[in-house]
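Asks: Have a look at the structure that comes next, please.
The values are calculated or read from the model by the stated rules, or taken from the named source; none is laboratory data. As the structure is a computational prediction, the values presented were derived from the model and not from experiment. Cβ placement follows ideal geometry from the backbone for every residue including glycine, while neighbour counts extend to all protein chains displayed. These area figures cover heavy atoms from the full protein model, side chains too; ligands, DNA and RNA do not enter into them. Shrake-Rupley method; radii C 1.70, N 1.55, O 1.52, S 1.80 Å.
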Amino acid sequence: MQPTATDDHLEPTQSADVLALAVRAATHDGVRPLSEQTVLDVRRLPGSPSGEAHTTHLVVEQNPDTPRPGVIAYAHVEHSDPPAAEIVVDPDHRHDGHGRALATEVLERWPGTRFWAHGDLPAAKALFKSLGLDSVRDLWQMTRPLRGEWSELPEVDLPEGFTVRPFEIGRDEQRWLDVNARSFADHPEQGRMTLADLQERTSEPWFDPQGFLLIEQGDDLAAFHWTKVEPAEPGHSVPTSGEVYVVGVDPAYQGRGLGKVTTLVGLHHLRNRGLGSATLYVEGDNDPALATYHRLGFERSAIDVMYAAPATT
């Protein structure tokens, strides 16, 4: 079964198949195989606006005559510079060469593509190493308790003249985009977020403007902490964990201790919602951020690794 490629939008049936495949893989592996942006791209149906980055979907499908037809392996390629890809294979169809076939096809079509291995699972690591790829980027997931032992939080002490308020749809989009772009100018994903990307996320079921906290000095947006609380997992009546989704400080206001204060503002919000823990994602080589999060009680709980061909000189 050879992969078939589709640009930008999957057909509705394929979209549903890929999302179901991702759930099966996450249940089996204990880690989500696709990033948030990829899930949004998979759900983007024909006729809806495309994201800023061109994408290609590659699918491997079962024969329609089999007991359970549908997508059994999937690759998502974002045509950034360089391209970035994610691959997921149905747990019942692993060890049949589908992951290798997808990765090989991607590399043949788009040499230099980088691959995310969420959780850096042994099978993914072995596949990418066998293709001559090396780890080039680590994204840490860090977690800290908000209830029980070791959960104490320092109080929030905003500098004089600073205030905090929730994000307001229809008022704050552009000013937030401007500060976000400056704060993450060197970040390969966050720094290029567009108005369409923002609106896509504020339309998600999990979005709560009360958890999107803006820190201002006068008319200036100095910093922000966007928290994320997804719906409760199966077996739980309420969510048990929240996420430090994005914390940013305008470069003009850096060096004033706002990073720690802004993080605490969001953590107190999550604890006040009754959540038991908080998670965040941070680049593994961002030593200042890692030091800040360690001081706030966060410890590494998982890791995503990006693989790419070795650099040539």
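Asks: Kindly provide the set of residues from region 96-130 that are farther than 22 Å from residue 311 by Cα, assigned to a helix (DSSP H, G or I) and in contact (Cβ under 8 Å) with a residue 60 or more places away in the chain, ordered by number.
Replies: Within region 96-130, 98, 101, 102 qualify.
Asks: Here is a follow-up. Kindly indicate whether any position in region 111-129 is in contact with a helix residue (DSSP H, G or I) (Cβ under 7 Å, 6 or more places away or on another chain), farther than 18 Å from residue 267 by Cβ and among the small types (Gly, Ala, Ser).
Replies: Just the residues of region 111-129 that are in contact with a helix residue (DSSP H, G or I) (Cβ under 7 Å, 6 or more places away or on another chain), to begin with: 113, 115, 117, 119, 121, 127.
So of that shortlist, the ones also farther than 18 Å from residue 267 by Cβ come out as 113, 115, 117, 119, 121, 127.
From what's left, among the small types (Gly, Ala, Ser): 117, 119.
Checking region 111-129: at least one residue is in contact with a helix residue (DSSP H, G or I) (Cβ under 7 Å, 6 or more places away or on another chain), farther than 18 Å from residue 267 by Cβ and among the small types (Gly, Ala, Ser).
Asks: Starting from residues that are closer than 12 Å to residue 76 by Cβ and of a type in the set (A, V, I, L, M), keep the ones in region 1-18 and report whichever is most open to solvent (accessible area, probe 1.4 Å).
Replies: Ranking the qualifying residues of region 1-18, first place goes to 5.
Asks: Do you know which of the residues in region 245-262 that are over 21 Å from residue 168 (Cβ atoms) and in contact with a helix residue (DSSP H, G or I) (Cβ under 7 Å, 6 or more places away or on another chain) is least open to solvent (accessible area, probe 1.4 Å)?
Replies: 259
Asks: Hey, can you tell me all the residues within region 10-32 that are within 19 Å of residue 105 (Cα to Cα) and either in contact with a Phe, Trp or Tyr (Cβ under 6 Å, 6 or more places away or on another chain) or not aliphatic (A, V, I, L, M) (or both)? Even if it seems obvious, please write down each step before you answer.
Replies: First, pick out the residues of region 10-32 that are within 19 Å of residue 105 (Cα to Cα): 10, 18.
Answer for region 10-32, where residues must be within 19 Å of residue 105 (Cα to Cα) and either in contact with a Phe, Trp or Tyr (Cβ under 6 Å, 6 or more places away or on another chain) or not aliphatic (A, V, I, L, M) (or both): just 18.
Asks: While we're looking at this one, here's another question. Step by step: first the residues of region 187-227, then only those that are in a loop (DSSP other than H, G, I, E, B) and either among the hydrophobic types (A, V, I, L, M, F, W, C) or more than 17 Å from the chain's Cα centre (by Cα) (or both), then the one that is modelled with the lowest pLDDT. Which residue is that? Talk me through it step by step, then tell me what you get.
Replies: First pass over region 187-227, keeping only residues in a loop (DSSP other than H, G, I, E, B): 187-189, 193-194, 203-208, 218-219.
After this cut, where a residue has to be either among the hydrophobic types (A, V, I, L, M, F, W, C) or more than 17 Å from the chain's Cα centre (by Cα) (or both) as well, the list is 193, 206-208, 218-219.
Details: 193: 92, 206: 95, 207: 96, 208: 96, 218: 96, 219: 95.
My answer is 193.
Asks: Among the residues of region 1-46, write down those that are touching a helix residue (DSSP H, G or I) at 6+ places or on another chain (Cβ under 7 Å), within 24 Å of residue 197 (Cα to Cα), of a type outside the set (A, V, I, L, M) and not in a loop (DSSP other than H, G, I, E, B).
Replies: 15, 43
Asks: A further question follows. Please verify whether region 232-250 includes one or more residues that are in a strand (DSSP E or B), closer than 23 Å to residue 201 by Cα and in contact with a Pro (Cβ under 6 Å, 6 or more places away or on another chain). Show your work before the answer.
Replies: Start the filter on region 232-250 by keeping residues that are in a strand (DSSP E or B), which leaves 241-249.
Adding the requirement that they be closer than 23 Å to residue 201 by Cα leaves 241-249.
Narrowing further to those that are in contact with a Pro (Cβ under 6 Å, 6 or more places away or on another chain): none.
Checked against the condition, which is being in a strand (DSSP E or B), closer than 23 Å to residue 201 by Cα and in contact with a Pro (Cβ under 6 Å, 6 or more places away or on another chain), region 232-250 yields no hits at all.
Asks: Here are the criteria: (1) closer than 27 Å to residue 134 by Cβ; (2) of a type in the set (Asp, Glu); (3) surrounded by 18 or more Cβ atoms within 10 Å (Cβ to Cβ). Tell me which single one residue 285 does not satisfy.
Replies: Here residue 285 clears every test but (3).
Asks: From 86, 108, which residue is closer than 28 Å to residue 134 by Cα, open to solvent by 40 Å² or more (accessible area, probe 1.4 Å) and modelled with pLDDT of 90 or more? Walk me through how you get there before you give the answer.
Replies: On the way: 86 fails: open to solvent by 40 Å² or more (accessible area, probe 1.4 Å).
Just one listed residue meets the conditions, 108.
Asks: Out of curiosity, is residue 307 closer than 22 Å to residue 117 by Cβ and crowded, with 16+ Cβ neighbours inside 10 Å?
Replies: Values: closer than 22 Å to residue 117 by Cβ: yes; crowded, with 16+ Cβ neighbours inside 10 Å: yes.
Yes; evaluated as a whole, the condition is true for this residue.
Asks: Report, by residue number, each residue of region 254-289 that is at pLDDT 95 or above, assigned to a helix (DSSP H, G or I), in contact with a strand residue (DSSP E or B) (Cβ under 7 Å, 6 or more places away or on another chain) and not hydroxyl-bearing (Ser, Thr, Tyr).
Replies: 265, 266, 267, 269, 270
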